Amino acid sequence: MNNAIKNGSKTTLKSIIIVFAVSIAYLLISRWLVGYKTDQLWLIVIFNSCFFLPDITPFVGLDSSITRKFIIGFSIFIVYWIIFDYMKAFPNYNYNTVHIADLYNFEKKLFGINFNGKLLTPNEYWRVNGNTFLDVAAGIFYLCWIPVPLAFAAFLFFKNKKQFLYFSLTFVLINFLGFIVYYLYPAAPPWYVQYHGFDFHAATRGNTAGLVKFDNYFHAGIFKSIYSKGSNVFAAMPSLHSSYPVVVLYYGLKNRLGIINIFFTIVMLGIWSTAVYASHHYILDVLAGIICAFTGIFIFNISISRVKFFREFVGNYEKAIQ
């Protein structure tokens, strides 16, 4: 595969064998661990199409070596997605006790709101005091949690390859830190208490919670489709939804994107608010997500990025996608 990258639009027999072998192995392992899903097949189709497109288009007078470099660059995100998907095979509640009542009560103690003579969590308060405008705004903000980071990554890919790699690797590192906490501290989301109380039910499926109001308003099943594919209901702490916009804004500021950073800031605040408003996370989850993001940024920029081996790896990767 390295030869294929270096040669631009030329592909060696070795690279063909490697790509097809990895593709088949991925499908077989996925079927064994989490069962067959159309998402897996689409991933293989997209990767192979982008990788082999440079070998096809020269015959019609086009130069598309960029597609191969692009998909190789974005393989960082593909690896993250695969690991996230495989977490379904290893539920965190099999390894530690799920925190339900203690987290709920601690949230109420720190951030409880007195309403009609009763102390409510912020989630409970907004569940009875929401309105259509907030429902729609919340849905729009929450739809940004993956498209905005990926769009920003694509921008950096074409503008500054090194910054693209640093952003992508920091993004994945933050996710791995979050995954570690998921297994050390399994936690139920606020909507779980609403529907199931404080009793643990391992087979609980994902729920759109307050975002169902957005789906109902537009007569669509957008969030229903998204949350039906969740890896684990009991992975609310930390809120990685809240981590992603932090790393986007950090690299936006680092690359001096000016007014675009105002947009990133608005999206960040909107996602944090929606996480609580839609009962997907406690304020504690959001704060943990923010801390997770800053921790990942700090570890990557202060420690990992200064290691000689890692700098050489990034340098070679950068050359491969230039």
Exercise for review: Kindly indicate whether any position in the stretch 119-142 is under 30 Å from residue 168 (Cβ atoms), part of a helix (DSSP H, G or I) and open to solvent by 30 Å² or more (accessible area, probe 1.4 Å).
Suggested key: yes
**Study point:** Index of the failed condition, residue 233 passing every other in (1) in a loop (DSSP other than H, G, I, E, B); (2) at negative phi; (3) without any contact (Cβ under 8 Å) to a residue 12 or more places away in the chain
**Key:** (3)
Check your understanding: What number of residues in the stretch 11-28 are touching a Phe, Trp or Tyr at 6+ places or on another chain (Cβ under 8 Å) and touching a residue at least 40 places away in the same chain (Cβ under 8 Å)?
Key -> 1
Exercise for review: Find the residue count for the stretch 253-286, including only residues that are part of a helix (DSSP H, G or I) and touching a residue at least 12 places away in the same chain (Cβ under 8 Å).
Suggested key: 18
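Taking the condition farther than 25 Å from residue 99 by Cα, part of a helix (DSSP H, G or I), open to solvent by 30 Å² or more (accessible area, probe 1.4 Å) and aliphatic (A, V, I, L, M), does residue 173 pass?
Details: farther than 25 Å from residue 99 by Cα: no; part of a helix (DSSP H, G or I): yes; open to solvent by 30 Å² or more (accessible area, probe 1.4 Å): yes; aliphatic (A, V, I, L, M): yes.
No; evaluated as a whole, the condition is false for this residue.
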Point to revise | When residues of the stretch 185-238 are limited to those that are loosely packed, with under 12 Cβ neighbours inside 10 Å and of a type in the set (D, E, K, R), the one modelled with the lowest pLDDT | key: 229
Exercise for review: Please work out which one of (1) open to solvent by 70 Å² or more (accessible area, probe 1.4 Å); (2) over 18 Å from the mean Cα position of the chain (by Cα); (3) more than 26 Å from residue 287 (Cβ to Cβ) is the condition residue 163 fails and give its number.
Suggested key: (1)
**Study point:** Subset of the stretch 265-303 (residues that are farther than 14 Å from residue 178 by Cβ, among the β-branched types (Val, Ile, Thr) and surrounded by fewer than 16 Cβ atoms within 10 Å (Cβ to Cβ))
**Key:** 265, 266, 302
Practice item. Out of the residues in the stretch 73-118 that are in contact (Cβ under 8 Å) with a residue 24 or more places away in the chain and not in a helix (DSSP H, G or I), state the one that is nearest to residue 48 (Cα to Cα). Key: 74
Practice item. Exactly one condition in (1) surrounded by 14 or more Cβ atoms within 10 Å (Cβ to Cβ); (2) in contact with a helix residue (DSSP H, G or I) (Cβ under 8 Å, 6 or more places away or on another chain); (3) not charged (D, E, K, R) is not met by residue 110; state its number. Key: (1)
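The values are calculated or read from the model by the stated rules, or taken from the named source; none is laboratory data. For clarity, every value in this text was computed on a predicted model and none was experimentally measured. Because the Cβ atoms are built from the backbone with ideal geometry, glycine has one as well, and the counts that use them run over all protein chains shown. Please note that ligands, DNA and RNA were not included when accessible areas were found on the heavy atoms of the full protein model with its side chains. Shrake-Rupley method; radii C 1.70, N 1.55, O 1.52, S 1.80 Å.
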